[in-house]
Amino acid sequence: MPLSREEAKALAVAHNLPAVNAYRSLKNYVRECIRLRHFTWHYSIGRTIVATIANNLGLFWDFINPVLLSITYYFTFGVLLGTKGDSSQFITFLIAGVFTWQLFSTTFTTASQSLMKGQDLAESLRLPRILLPISATIQATLRSIPSLLMLFPIAMLGGSRPTIWWLTVPFIFLLTALLSLALALFGALIIDSVRDAAQTVPLIIRVLMFMSGVFYDVEKRFSTLPDGIRIIAENNPAALVLKFTRTALSPNLHHVTKFNVIYVVSLTATLLIIGLLMYWRRDNRDN
């Protein structure tokens, strides 16, 4: 016989089952995200495997692509357009910029579209929606590991020598992924509401790439522009994480100040907190 409403409610309480449309406090929302951490991790690994298994070379393309991009940018911008003169160690300068930018752009692109592409999953399993861009960030970070491993031997070929600062490069990559996630949290909400906004993501990435100095020195190229534009360009957080990687590989390339580090870390943390609050409110509103 079917249970009565009272019996079903008592059974749910006994087994600690919340109502589907129950309001979740911020504390419980964070707890639920933490509780589902293993699902998020394994889902991210599964998606990473699916994304590469169709290729004959599989994950090996994650080694090849950044190198091919670096070679292309070296001849296109370094040789033909003369940006090679922006640095005495242009190979290290270039690969640090390309590899770091690859992580930033991939994370932003996949995470900003994650709500649109994973809507059915979030609704069917009643997942906190913020787990979808987090999962996309984990996928992009996992696929950046080959780039991270390639970074050091290529830097040595470019004239850099190992220092203790090389140990900070994995943390810079992690900061880069978190910064991109923080920005993508807002982009994902916009795209989920206005699907046509997804078409602007490649344009945004392209503009950011040219503003961030992937293949040229921002400080040199923007030095003659008006102060307002120059300050904005030099304090572009995407440009700064590239600067962090370059300085860690070769201190002669750039000088990173404490303000630069505090600024990027504080901005990332602030945007992540604001993003968490927005997703919490969004999930409660949709229940």
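The values are calculated or read from the model by the stated rules, or taken from the named source; none is laboratory data. Values in this document were obtained by computation on a predicted structure and should not be read as measured data. A quick note on method: Cβ atoms are made from the backbone with ideal geometry, for glycine too, and the neighbour counts reach across all protein chains shown. The area values use the complete protein model at the heavy-atom level, side chains included, leaving out ligands, DNA and RNA. Shrake-Rupley method; radii C 1.70, N 1.55, O 1.52, S 1.80 Å.
For this structure, a couple of remarks:
- Heavy atoms of Val194 accessible to a 1.4 Å probe, total area in Å² rounded to 10: 80
- Nearest-10 value in Å² for the accessible area of Trp165, using the 1.4 Å probe: 150
- FRET efficiency estimate (nearest 0.05) - Cβ-Cβ, Thr257 to Lys117, R0 41 angstrom: 0.55
- Measuring nothing but how far apart in sequence close Cα pairs (under 8 Å, 6+ apart) lie, relative to its length, region 172-250 scores a relative contact order of 33 percent.
- Accessible area per residue for the chain is 55 Å², calculated with a 1.4 Å probe on protein heavy atoms, without ligands, DNA or RNA.
- A simple spin-label model places the labels of Leu149 and Met278 3.6 nm from each other, with each point 7 Å out along Cα-to-Cβ.
- Once the chain from Val265 to Thr168 is taken as fully extended at 0.36 nm per residue, the excess over their C-alpha distance is 33.5 nm.
- Phe186 versus Asn235: modelled label distance in nm, points set 7 Å from Cα along the beta carbon direction: 1.5
- Take the Cα of Ser124, step 7 Å toward its Cβ, do the same at Trp61, and the gap between the two points is 2.5 nm.
- Per residue, the chain reaches -23000 deg cm²/dmol at 222 nm when only DSSP H runs of four or more residues are counted, each adding -39500 (n - 2.57).
- For the chain, the alpha carbon convex hull comes to 166 Å³ per residue, rounded to a whole number.
- Structure note, pairs Lys27/Lys258; Lys117/Lys243; Lys84/Lys243; Lys27/Lys117: Cα-Cα distances above 23 angstrom occur for Lys27/Lys258; Lys117/Lys243; Lys27/Lys117.
- Relative to the longest principal axis of the Cα atoms of the chain, the long axis of helix 258-286 makes an angle of roughly 30 degrees.
- Contact order relative to length of the chain, as percent, for alpha carbon pairs under 8 angstrom and 6 or more apart: 26
- Taking 0.36 nm per residue of separation and subtracting the Cα-Cα distance, full extension of the segment from His38 to Val79 would add 10.0 nm.
- When only Cα pairs below 8 angstrom with a gap of at least 6 residues are kept, region 65-137 shows a relative contact order of 27 percent.
- Highest mean packing comes first when the peptides 267-273, 200-206, 146-152 are listed by Cβ atoms within 10 Å, giving 146-152, 267-273, 200-206.
- Ligands, DNA and RNA aside, Leu174 has an accessible area near 90 Å² when probed at 1.4 Å.
- Rg followed by Dmax, in Å, when region 166-287 is reduced to its Cα trace: 16.4, 54
- Solvent-accessible area, 1.4 Å probe, carbon plus sulfur percent, for the chain: 68
- Gain in span if fully extended, Ser25 to Arg161, counting 0.36 nm per residue against the direct Cα distance: 43.9 nm
- Crossing angle, helix 5-14 versus the chain [Cα axis fit, 0-90 degrees, rounded to tens]: 50
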